[in-house]
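The values are calculated or read from the model by the stated rules, or taken from the named source; none is laboratory data. Please read these numbers as outputs of a predicted model, since none were measured by experiment. Reconstructed Cβ throughout: ideal geometry from the backbone, glycine too, with neighbour counts over all protein chains shown.
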Amino acid sequence: MKFCPSTATLLFSIPLQADAGVDATDSCCAALSASSVGQQVVYPHQELFVKSVESYWSRSVRLSPSCIVQPKSVEDVSVAVSTLVQEGGSLSSCKFAVRSGGHTVWAGAANIEDGVTIDLSKMNNTIHHPENKTASIYPGARWASVYKTLENDNVTVAGGRGGPVGVGGFLLGGGNSFHSARVGFACDNVVNYQVVLASGAIVEANENTNPDLFKALKGGTINFGIVTRFDMKTIPTEGIWGGAVTYDWSTAYQQIPAFVHFTDNIHKDPYASLITMWQYDSKTDTNSVINAMHYTKPVAHPAAYDEFKQFSNMSDGTRIDSQYVHVTELSQEGESRNVFVTGTHANNAKVIQKAAELHKQVIEEAKKHAKSKSWILVLIIQPWPKLFTERGSGVGGNVLGLERFDENLIQTLYDYSWDDKADDELFHRLARSNHQQLDGYAKMINADNEFVYLDYADKTQDPLRGYGEQNVKYIRRVAEKYDPYGVFQYQVPGGFKVSNVN
Ligand SMILES: Cc1cc2nc3c(=O)[nH]c(=O)nc-3n(C[C@H](O)[C@H](O)[C@H](O)COP(=O)(O)OP(=O)(O)OC[C@H]3O[C@@H](n4cnc5c(N)ncnc54)[C@H](O)[C@@H]3O)c2cc1C
Ligand SMILES: *[C@@H]1O[C@H](CO)[C@@H](O)[C@H](O)[C@H]1NC(C)=O
Ligand SMILES: *[C@@H]1O[C@H](CO)[C@@H](O)[C@H](O)[C@H]1NC(C)=O
Ligand SMILES: *[C@@H]1O[C@H](CO)[C@@H](O)[C@H](O)[C@H]1NC(C)=O
Ligand SMILES: *[C@@H]1O[C@H](CO)[C@@H](O)[C@H](O)[C@H]1NC(C)=O
């Protein structure tokens, strides 16, 4: 490496100034092209480049890097990282980004302009190891393909609930799954990580080897290295009962107590999971309530959902099917412009009522100003009970910091989509102000919470800070140990960085 040793120790507090012009970036791509991964480097005029750019879920995030490298193996990733670090010579050049499934909704998290994107989508295998009840899952896989492979052997894993969502980003930020009440967050089910460090070294992280890195990767995202393989515990499966149940908006307020009780009672039947969506669609000018009910056993209409039976539904997609089919159905279509903003609150009926009022106000506000032909405003409310943390904490812990809260929580996600770029400012503003107003109200009634779920967070939010001071210190220490020059802080600007925590 060509780092200047005298400045190296300062890098965590004083990043070198960026001075990478177009020429510098060209030399980075040229160095990659000249290396042993040269065959895997693609440029803007090439079809594979365009395909990679267009495969980001949201239209809002489709940046054009100087070149994209698509490694096929851990060795390729190691060569790409070493080449970019060495060619850079200082942390100011050869900036790069890391992408798995490309589902992050803000631009620059998993890609870059004037830099190189390392696109892991070719590393997308899933291999079941029945002998030790684990599966090796590669970061570029999508959850639908993971389940499809594993279900051939009647097993599954605690992964994403939307079929096309990527493995890498999801697992590094926590991961809420249908199985969370049984086995904790998805990250709690990882027993081993293979990681390429900034030095190019390939290391394993598990309970015995590099245990500090192992724990830090459970929520600590892109601060330490590039994960090239996740080994996860498998779960036997015989199918899942569930699906989306749609109701008229007129039932929304009446359903709130049922949601609150469901969240408080989930420990009585941890096979149950629930996602409540309030969805306004401008094309039909209708606001509806959608409950995605998923029960991780093949049992129809389990008692956990009894309280919802009193509300008459307009459509009911529940049935017994494989997890693969359920997540394929649940995948929200991309191809629009999007914003996600998220909040965490106490499981309190007043907060949810306030959220419903604000949701209606936002719809009226958007109707007045939106230029898009079509736009959809979804407020997603999900149980985030203590049980999720209790079920996960037995396995070595994570850095989410949720054990410091002694109450059942809920997660709110403002998930807005539209088609006209001219509305970008409007919908970002509405999502952020809706969240701020609800949070303000929650503070007033002591129902607020400082946790911010990283996988849903907007770039204006500070999810690592929400893990608590001790965990931030821990993440910083682990990052400094495994990446002493701060490559993943400064040379890889995308994603949530521990050096940026306020
Ligand atoms: C339609 C939809 C459905 C969703 N459903 C769920 C859900 O059910 N539950 C839930 O918890 N979340 C869900 N999410 C949120 C989802 O978890 C995040 O968007 C997550 O980041 C997706 O992972 P990805 O691999 O696609 O991310 P990417 O956008 O590729 O990456 C996210 C971040 O992680 C970093 N990163 C990616 N791969 C690696 C790696 N291998 N090593 C190091 N760093 C890496 C990137 O640099 C980036 O900063 C959903 C999102 C969408 C859009
Ligand atoms: C992996 O990605 C390739 C395209 O790069 C695709 O053809 C293949 O179907 C994917 N494999 C799985 C298991 O999803
Ligand atoms: C499980 O078994 C496979 C194949 O024998 C092996 O490669 C892997 O390391 C094992 N995983 C764990 C976590 O022990
Ligand atoms: C999976 O389960 C089905 C139904 O019980 C059974 O017929 C099949 O043999 C099982 N497959 C494996 C690989 O165990
Ligand atoms: C939806 O409504 C139908 C008809 O009333 C009812 O039979 C069904 O149980 C309802 N679904 C759920 C999940 O409550």
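State whether one or more residues within region 289-303 are away from ligand 3 (no atom under 16 Å from the Cβ), part of a helix (DSSP H, G or I) and farther than 21 Å from ILE235 by Cβ. Scanning region 289-303, I find at least one residue that is away from ligand 3 (no atom under 16 Å from the Cβ), part of a helix (DSSP H, G or I) and farther than 21 Å from ILE235 by Cβ, so the answer is yes. Within region 131-146, the only residue that satisfies the criterion of being among the hydroxyl-bearing types (Ser, Thr, Tyr) and within 11 Å of ligand 1 (Cβ to nearest atom) is TYR138.
Matching residues to (1) under 30 Å from GLY401 (Cα atoms); (2) more than 16 Å from ligand 1 (Cβ to nearest atom):
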{"position": "LEU197", "(1), (2)": "yes, no"}
{"position": "ALA216", "(1), (2)": "yes, no"}
{"position": "ASP231", "(1), (2)": "yes, no"}
{"position": "GLY242", "(1), (2)": "no, no"}
{"position": "ALA252", "(1), (2)": "no, yes"}
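Looking for something at pLDDT 95 or above, under 17 Å from TRP143 (Cα atoms) and part of a strand (DSSP E or B) - is there at least one such residue anywhere in region 218-227?
Here is the first cut: in region 218-227, the ones at pLDDT 95 or above are 218-227.
From the residues that got through so far, the ones that are under 17 Å from TRP143 (Cα atoms) too are 227.
Still in the running and part of a strand (DSSP E or B): 227.
Within region 218-227, one or more residues are at pLDDT 95 or above, under 17 Å from TRP143 (Cα atoms) and part of a strand (DSSP E or B).
Identification of strands (runs of 3 or more DSSP E) wholly contained in region 92-200 with 2 or more residues that are more than 19 Å from ALA80 (Cα to Cα) yields 126-129, 134-137, 190-196. Scan region 276-301 for residues that are more than 16 Å from ligand 4 (Cβ to nearest atom), more than 29 Å from the chain's Cα centre (by Cα) and touching a residue at least 12 places away in the same chain (Cβ under 8 Å) and the total you get is 2. There is no residue in region 457-467 that is outside any loop (DSSP other than H, G, I, E, B) and farther than 18 Å from LYS218 by Cα. Kindly indicate which of ASP420, ASP483, ASP448 is over 21 Å from the mean Cα position of the chain (by Cα), over 17 Å from ALA107 (Cα atoms) and surrounded by fewer than 20 Cβ atoms within 10 Å (Cβ to Cβ). Sole residue among the options that is over 21 Å from the mean Cα position of the chain (by Cα), over 17 Å from ALA107 (Cα atoms) and surrounded by fewer than 20 Cβ atoms within 10 Å (Cβ to Cβ): ASP448. Looking across region 133-154 at every residue that is touching a residue at least 60 places away in the same chain (Cβ under 8 Å) and of a type in the set (Lys, Arg), the one that is farthest from ligand 3 (Cβ to nearest atom) is identified as LYS148.
Taking the criterion of being more than 10 Å from THR117 (Cα to Cα), charged (D, E, K, R) and modelled with pLDDT of 95 or more, the residues of region 64-101 that qualify are LYS72, GLU75, ASP76.
Residue under question is VAL362, and the condition is that it be β-branched (Val, Ile, Thr) and in a loop (DSSP other than H, G, I, E, B); does it hold?
Numbers: β-branched (Val, Ile, Thr): yes; in a loop (DSSP other than H, G, I, E, B): no.
Taking the combined requirement at face value, the residue does not satisfy it.
Just wondering, is there one or more residues in region 116-134 that are in the same structural domain as THR25 (by TED's automatic domain parsing), within 20 Å of GLN491 (Cα to Cα) and at pLDDT below 95? Within region 116-134, none of the residues are in the same structural domain as THR25 (by TED's automatic domain parsing), within 20 Å of GLN491 (Cα to Cα) and at pLDDT below 95.
Residue-by-condition table, conditions (1) among the polar types (S, T, N, Q); (2) surrounded by fewer than 17 Cβ atoms within 10 Å (Cβ to Cβ); (3) in contact with a Ser or Thr (Cβ under 6 Å, 6 or more places away or on another chain):
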{"position": "ALA244", "(1), (2), (3)": "no, no, no"}
{"position": "ALA258", "(1), (2), (3)": "no, no, no"}
{"position": "LYS268", "(1), (2), (3)": "no, yes, no"}
{"position": "TYR271", "(1), (2), (3)": "no, no, yes"}
{"position": "LEU274", "(1), (2), (3)": "no, no, no"}
{"position": "MET277", "(1), (2), (3)": "no, no, no"}
{"position": "THR286", "(1), (2), (3)": "yes, yes, no"}
{"position": "PRO298", "(1), (2), (3)": "no, yes, no"}
{"position": "PRO302", "(1), (2), (3)": "no, yes, no"}
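Looking only at region 304-324, which residues are assigned to a helix (DSSP H, G or I), away from ligand 4 (no atom under 16 Å from the Cβ) and surrounded by 13 or more Cβ atoms within 10 Å (Cβ to Cβ)?
Going residue by residue through region 304-324, those that are assigned to a helix (DSSP H, G or I) are 304-310, 323-324.
Applying the additional criterion that residues be away from ligand 4 (no atom under 16 Å from the Cβ) yields 304-310.
Within region 304-324, ALA304, TYR305, GLU307, PHE308 meet the criteria.
Among the numbered conditions (1) under 19 Å from THR342 (Cβ atoms); (2) part of a helix (DSSP H, G or I); (3) not polar (S, T, N, Q), the only one that PHE451 does not meet is (2). For PRO484, the conditions (1) touching a Lys or Arg at 6+ places or on another chain (Cβ under 9 Å); (2) outside the structural domain of GLY343 (by TED's automatic domain parsing) are fulfilled apart from (1). Tell me, please, whether a residue that is more than 30 Å from SER55 (Cα to Cα), in contact (Cβ under 8 Å) with a residue 24 or more places away in the chain and either outside the structural domain of ARG142 (by TED's automatic domain parsing) or under 25 Å from the mean Cα position of the chain (by Cα) (or both) can be found in region 372-382. No, the conditions are met nowhere in region 372-382.
Of LYS283, LYS297, LYS309, which residue is within 30 Å of ALA447 (Cβ to Cβ) and of a type in the set (Lys, Arg)? Quick ask: steps written out before the conclusion?
On the way: LYS283 fails: within 30 Å of ALA447 (Cβ to Cβ); LYS297 fails: within 30 Å of ALA447 (Cβ to Cβ).
Within the list LYS283, LYS297, LYS309, the selection yields LYS309.
Count of region 326-359 residues, restricted to those that are part of a helix (DSSP H, G or I) and either surrounded by fewer than 20 Cβ atoms within 10 Å (Cβ to Cβ) or over 18 Å from the mean Cα position of the chain (by Cα) (or both), is 14.
Of the residues ASP458, ASP483, which single one is out of contact with any Asp or Glu (no Cβ under 7 Å at 6 or more places or on another chain), over 30 Å from LYS354 (Cα atoms) and of a type in the set (D, E, K, R)? So that I can check it myself, show each step before the final result.
Details: ASP458 fails: over 30 Å from LYS354 (Cα atoms).
Every option except ASP483 fails the conditions.
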